[in-house]
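Student: Take a look at this one; I'll ask things after.
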Amino acid sequence: MAKIKVVQFGLGAMGSMMAKIMLEKKSIDLVGAVVRDENKNGKDIGEIIGLKKKTGIRATTDANKLYQKAKGGVLIHAAVSYVPEVWKQIKPAVEAGLNVITIAEEMGYPFIKYPKICKEMDALAKKRNISIIGTGINPGFAMDLLPILLTGICKKVDKIKVIRVIDFSPFGPAIQQNIGIGMDVEDFKKRVKEKKLPLHIGLPESCYMIAKALGWRIKEIIETKEPIIDERAIESPGYKKIESGKVCGFNHKCYAIVEGKEKIALEEFGRVEKGLDYKNTIIIEGEPKIIDEMNVPPGNITTASHSVNLIPIAFGARDGLLTMADIHVASLIA
């Protein structure tokens, strides 16, 4: 089988990890990377992503030229979180005939918040005979796709609850600042109230994906966001040091109301302490009742690996704007 041509969009922490993984895959032909930083333009990606050797593959700010080289292949997008910005960045690739995999959190299930943009995405993807897929470890797997798969062995489902305790210490300062790490408590609460501190992006999207799969119509989404404070100082690789009394984590909960009842409960507890027991627990109330508990590996390696393993799936998926519930399950690729 011929190798699939792939373009990497973004060579930040996540994009760099994706590029490293793709360079190890026999089935992938990484033809280049799109960057927005002029200082990276023309550089060998090995230098940018921290390899000790050159790859012969260049980063470029000239996306259109690279897209023509990879036409019919796949773009992996790792740059922004919100749908309007995503569409601006991936539209040229779609127009050039590349399938798209993006880890932008809102792309997990964008149809409710952005119906107009989604119609435009879907129409152009179908016109170009390609797919656009939003994915990641969460949303895209741990708190939506896995619960959906588990309902496949149930006679009936009354409620789905997922509790995810996740370690944010491997992530860099940009992500940790986005979730409030190191902040004063009052500043944290103020920024949450002003909707300037999103914490985990994607919980409502995961609720909508689950509801769509089960045929539930969500009437209301309720979210709560609370800070976690520790009286000890904490050393964190991404933040260096968190002073005592400052925010060292968060509790972000999202509930979906269906026909007056709480049918979906997604609770994410983010921390920056390596010694905690980080787990993902799925509870399905129904016949039978299912409780599935798994460890939570670092979100960077799992997100990057999941995206790369999706490349042949995206390459062969039906045309249009799709979610993880619309495609075949991805397995490890060679």
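Student: Please give the length that would be gained between Asn39 and Glu194 if that part of the chain were fully extended, namely 0.36 nm times their separation in residues minus their C-alpha to C-alpha distance (nm, one decimal).
Tutor: Result for the pair: 52.3 nm of gain on full extension.
Student: In the chain, with Lys and Arg counted as +1 and Asp and Glu as -1 at Cβ, which of these residues, Gly152, Ala125, Leu66, has the Cα nearest the positive end of the dipole, that is, farthest along it?
Tutor: Leu66
Student: Place a +1 charge on the Cβ of each Lys and Arg in the chain and a -1 charge on the Cβ of each Asp and Glu, then give the dipole magnitude about the Cα centre in debye, rounded to the nearest 20.
Tutor: With Lys and Arg at +1 and Asp and Glu at -1, about 1080 debye.
Student: For the pairs Lys20/Lys190; Lys54/Lys91; Lys212/Lys274; Lys113/Lys225; Lys25/Lys274; Lys20/Lys127, note any where the Cα-Cα span goes beyond 28 Å.
Tutor: Lys20/Lys190; Lys54/Lys91; Lys212/Lys274; Lys25/Lys274; Lys20/Lys127
Student: Where in region 242-261 does the amide nitrogen come within less than 11 Å of the point 7 Å from the Cα of Val185, taken along Cα to Cβ?
Tutor: Correct set: 245-247.
Student: A follow-up question, please. At each listed q (0.11, 0.12, 0.14 Å⁻¹), what is the log10 of I(q)/I(0) that the Debye formula gives for region 1-102 modelled as equal alpha-carbon point scatterers?
Tutor: For region 1-102, the Cα-only Debye profile gives -0.28, -0.34, -0.46.
Student: Sticking with this one: Non-local amide H neighbours of Ser236 (under 5 Å, H modeled in plane, Pro and chain starts lacking H): which ones?
Tutor: For Ser236, the qualifying residues are Lys241, Ile242.
Student: Give me the aspartates and glutamates in straight-line cross-link reach of Lys3: C-alpha distance below 18 Å, same-chain residues under 8 apart excluded.
Tutor: Within reach: Glu24, Asp29.
Student: Shape verdict for the chain, please, from the Cα gyration tensor: rounded (a/c under 1.5), prolate (a/b greater than b/c) or oblate.
Tutor: oblate
Student: Per DSSP H run of n ≥ 4, the term is -39500 (n - 2.57); total these for the chain, divide by its residue number, and report the mean residue ellipticity at 222 nm rounded to 500 deg cm²/dmol.
Tutor: One gets -8000 deg cm²/dmol as the mean residue ellipticity at 222 nm.
Student: With each label point set 7 Å from Cα along the Cα-Cβ vector, what nm distance links Glu226 and Lys3?
Tutor: According to this spin-label approximation, the distance is 5.2 nm.
Student: Let me ask another. Give me the extension gain from Asn178 to Met294: residue separation times 0.36 nm, minus the current Cα-Cα distance, reported in nm with one decimal.
Tutor: Computed gain between Asn178 and Met294 is 39.2 nm.
Student: Read phi for every residue in region 251-266 and hand back ³J(HN,Hα) as whole Hz from Karplus 6.51 cos²θ - 1.76 cosθ + 1.60, θ = phi - 60°, with x for Gly and Pro.
Tutor: 10, 10, 10, 9, 10, 10, 9, 10, 6, x, 10, 7, 9, 9, 10, 10
Student: Where nothing but the Cβ of Lys and Arg (+1) and of Asp and Glu (-1) is charged, how large is the charge dipole of region 145-295 around its Cα centre, in debye to the nearest 20?
Tutor: 420
A short reminder: the numbers here are calculations on the coordinates, not readings from a lab. The structure presented is a predicted model; accordingly, all values stated were derived computationally and were not measured. Cβ: placed from backbone, ideal geometry, glycine included. Neighbour counts: every protein chain shown.
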